[in-house]
Structure formats: C-alpha cells, structure tokens
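The values are calculated or read from the model by the stated rules, or taken from the named source; none is laboratory data. All of these numbers come straight from a predicted model, not from anything done at the bench. Here the Cβ is made from the backbone with ideal geometry for all residues, glycine too, and neighbour counts use every protein chain on show.
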Amino acid sequence: MDKEALRLVIVDQRRNIEERFKNKNIIVRDSSRDVRLKSPTALVILGVRRCGKSTLSEQLFLGLEFGYINFDDERLLGATKDDLNVVLQIFYELYGSDLDNIILDEIQIVSGWEPFVSRLRDTKKVIITGSSSKLLSGELSTRLTGRHVDLLLFPFSFHEFLAYKKWNIPKAFSTADRAEVVRLLGEYIRSGGFPEQFTLGRQIIRSIYNDIITKDVVIRHKIKHIDDLRQVARFLVSNSSKEFTYSSLRGITKVKNLITLSNWVRYLEEAYLFFKVERFSYKLKQTIIAPKKIYCVDSGMIEEVSPEPTENKGRFMENVVAVELIKKSKNDDGFEVFYWKDHRGREVDFVIKKGRVVSQLIQVTYASSREAVEGRELDSLLLASEELKCNNLLILTWDYEGGARMEGKKIIFMPLWKWLLNVV
C-alpha cells in the first residue's frame with residue numbers, strides 16, 4: 001500500500017481514539033484489573049466483535065505514547081505482511097524511534113502477520129486483538145509459547161453495566177436499592193452488554209451481528225451457501241438456552257451434510273457468537289453423542305435478532321448465567337460447565353465440575369416467591385444431587401431469597417442480581 005495512504009489512516013484512527021476518550025463514558029473493565037504488562041511481552045485480547053477490545057487496549061497504555069492501527073478498516077483492504085514494516089516505520093516517524101508500546105487491532109485480517117508480531121515482542125510491549133479464537137493457533141502459538149498473556153473479553157457484565165450507568169453498589173441494600181437493582185437487571189437482560197448500543201442505539205446490535213456473520217464467518221471461511229449459514233445462525237440465536245443436535249439443523253436448511261453443518265457451528269463459536277454446553281455424564285461417549293445446549297454471547301442480541309420475540313424471561317436469565325459461568329471456565333482450567341438430564345427429561349440447568357468432583361448444581365427460574373418455583377425443578381435438582389453426589393444446591397431466582405430443606409438436603413434460593421454481583 002502507498003505509505004502516505006497508510007499514514008493518513010493511522011493519523012485518522014488516532015484522532016478517533018482521542019475523541020472517544022474525550023467524549024464517552026469509559027469504564028474500567030473487570031477482566032482487565034489483573035492485567036500487568038511487562039516489557040517485552042505480547043498481550044492477546046480476544047472476544048466477540050465490538051465488545052470493547054480496542055478501548056481496553058488503549059486504556060492499558062493510557063498516559064503512555066503508543067502506536068495504534070486497526071486493520072478492520074475498509075481503507076486497509078488488501079494490506080499484506082509487507083505493509084507491516086511500513087506501519088512500524090510510520091509509528092517511529094510519528095512518535096519517535098524509542099516507541100515501546102504498539103497496538104495491532106484485528107491483526108488476523110493480514111495474512112502472514114505472525115513473524116512480525118513475534119519480532120516486535122522481543123523488544124516492545126505489543127497488544128494484539130482479534131475476534132477469532134483461532135488467532136493463537138499455528139505459527140504465533142509456536143513462536144510465543146510461554147511468552148504471551150491471553151485475555152478473553154465479553155460484552156459488559158451486569159457489574160460493568162451498573163458502572164456504566166454510574167449506579168454505585170451499596171454496602172447494605174435498602175428496600176429501594178433492591179427494587180432499583182432488580183429494575184436495572186431487567187434493563188440489562190433486555191439490552192445486553194455491547195458498549196456501542198448505549199450511544200448509538202439498539203439498532204447497532206443487529207449491525208454487529210451481521211458483521212460477525214459476514215466478516216468473521218462468511219469471508220474468513222469462504223462460505224458458499226451464505227443464506228443457509230444465516231438460517232443456521234438465526235436458529236441458534238432463537239434457540240439459545242435450548243438443546244440442539246446437528247441433525248436438527250438439517251430441518252431448517254437445504255444443506256444436509258452433517259460435517260458442513262457442524263463446521264458452521266464451530267465457525268460461529270470461533271467468532272465467539274455462541275458457546276456450547278455439553279450434557280454431563282461420567283461416560284465420555286454419552287457426553288459426546290448427547291444433544292448440546294447453545295448459548296448466545298449476549299442476551300440483548302437474542303432479543304434483537306430472534307425472528308419472533310420471546311416472553312420466556314427464564315431463558316434469558318439462563319443465558320446470562322451461562323455466559324458468566326463460561327467466563328469462569330475460560331479463566332480456570334479446572335472449572336467445567338455442563339447440564340444434566342435423565343432419560344425421563346428431568347433437567348438441571350448447570351452442573352459445575354472442579355477437577356473430578358461435581359461441586360455445585362444450579363437451577364435458574366423466573367420466580368419471585370417460593371411458591372412460584374416449579375416442583376419439577378426441585379425434583380430434578382434433588383435427583384441430580386443424589387446421582388452426582390453433590391449437596392451444594394443453588395436455585396437462582398428473579399427476586400426470591402431463602403432456603404429450604406428437602407429430603408435431608410439444603411437448597412439455597414438466591415436472586416440473580418445477588419449472584420451476578422457476588423453480594424453476600
């Protein structure tokens with residue numbers, strides 16, 4: 001690419017950063033609190049498109065001079081690995097030859113970028129971002145083994161949502177505080193946590209969704225049956241918190257090849273649009289062949305993209321819980337998330353396994369009183385408790401709190417907002 005054209009893009013993007021930090025409400029992300037950049041090193045920030053990776057990268061270098069370029073810019077279409085050295089030269093010209101900090105946003109768009117980053121990492125602090133879990137596969141993974149830090153970023157959590165709303169969590173909740181936090185939880189579940197929607201409106205969520213499908217799946221994987229892929233993605237969004245099988249996907253598309261369909265689901269997972277949760281069994285074969293449950297990365301996207309609106313608030317609650325549990329599993333190798341279901345269809349929403357031990361069973365229900373908790377949910381929880389030898393039983397409710405003893409086992413009822421905020 002022409003050097004002056006590259007320089008113009010870099011200068012424009014830097015000006016946009018300065019405007020964003022000047023005019024917008026920027027919060028500290030929960031997942032960044034423990035990130036400490038040492039020199040030299042590489043920090044890899046992964047996550048679904050538009051979840052705040054760029055802003056977090058810039059925050060980490062706040063107060064320091066840094067070079068920045070975002071390759072997800074139509075003016076950079078066709079950029080090659082040979083252009084990367086030109087980018088570095090422009091950085092030096094703009095910020096000085098002693099520049100130590102560099103951000104390469106959506107770097108995976110440039111084919112063959114890995115050796116360049118590996119070389120930079122030897123002398124500088126480098127942050128690279130990407131919207132694909134495959135970013136660390138291949139050459140970079142080999143070159144940077146043990147020499148990089150990974151961070152998986154999600155849309156705003158409920159805690160971050162409250163911070164953005166400037167609602168301070170009280171040390172002790174009054175009746176008014178409880179009513180307000182429940183109201184805000186309802187708003188959060190409906191709107192989700194994509195940061196841009198709070199300034200650009202809910203219509204941006206559909207735009208983000210379409211960009212994920214087009215840029216992170218269709219273009220990246222050269223999908224030919226685009227309409228069929230979109231049908232599969234919409235089906236999965238609409239069925240978030242439900243079981244699915246690859247065979248069931250054949251009923252909603254002209255594509256019948258199970259390998260193709262399973263690849264499509266994997267591509268959507270790699271783009272962090274969905275997460276699968278497997279059915280728990282001590283027999284590995286049963287876990288593999290059983291239906292999976294699918295969860296969308298953001299509850300607001302379910303509301304915006306589903307072809308038919310759903311009034312099932314319990315499903316939205318379950319999706320929010322799933323995302324929080326999946327976050328924990330990504331940061332703790334010993335923490336695994338499953339669901340449980342027996343041959344009679346009795347189900348427990350989440351089975352938490354730590355190491356070889358089932359450590360907790362969780363049900364999620366839209367209930368505001370003890371009487372509103374359905375008997376089948378309690379029966380399923382007690383059955384799973386007996387089968388899996390786990391007595392740590394939790395039911396997450398909308399706004400009911402209490403405890404019960406059934407069949408000699410203690411069951412804790414906790415409002416979802418308390419669980420999300422880790423309030424005791």
| If we only count strands (runs of 3 or more DSSP E) wholly inside the range 240-321, which ones have 2 or more residues that are without any contact (Cβ under 8 Å) to a residue 40 or more places away in the chain and closer than 16 Å to Val48 by Cα? | 274-279
| message | Among the residues in the range 40-50, are any surrounded by fewer than 13 Cβ atoms within 10 Å (Cβ to Cβ) and either at pLDDT below 90 or under 18 Å from Leu88 (Cβ atoms) (or both)? | response | no
| message | On the basis of being at pLDDT 95 or above, out of contact with any Asp or Glu (no Cβ under 6 Å at 6 or more places or on another chain) and basic (Lys, Arg), does Arg29 make the cut? | response | no
| Which pairs do you get when a residue that is closer than 19 Å to Cys390 by Cα and free of Cβ contacts under 8 Å to residues at least 40 places away in the same chain, found in the range 360-377, comes within reach of a residue that is among the small types (Gly, Ala, Ser) and crowded, with 19+ Cβ neighbours inside 10 Å, reach meaning Cβ atoms under 7 angstrom, with the pair 6+ apart or on two chains? | Leu361/Ala384; Leu361/Ser385
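Quickly run through the range 406-424 and pick out the residues that are in contact with a Ser or Thr (Cβ under 8 Å, 6 or more places away or on another chain) and either free of Cβ contacts under 8 Å to residues at least 60 places away in the same chain or not in a strand (DSSP E or B) (or both).
Hits for the range 406-424 are Lys409, Phe413, Met414, Leu416, Leu420.
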| said: For the range 303-316: of the residues being within 16 Å of Glu243 (Cα to Cα) and not charged (D, E, K, R), which is modelled with the highest pLDDT? | reply: Phe316
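Can you find a residue that is among the acidic types (Asp, Glu), out of contact with any strand residue (DSSP E or B) (no Cβ under 8 Å at 6 or more places or on another chain) and assigned to a helix (DSSP H, G or I) anywhere in the range 190-200?
No, that holds for no residue.
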| If we scan the range 2-20, do we find a residue that is within 20 Å of Phe194 (Cα to Cα) and either of a type in the set (Val, Ile, Thr) or touching a helix residue (DSSP H, G or I) at 6+ places or on another chain (Cβ under 9 Å) (or both)? | yes
| task | Identify all residues within the range 73-92 that are crowded, with 19+ Cβ neighbours inside 10 Å and either in a loop (DSSP other than H, G, I, E, B) or of a type in the set (S, T, N, Q) (or both); write none if there are none. | result | Ala79
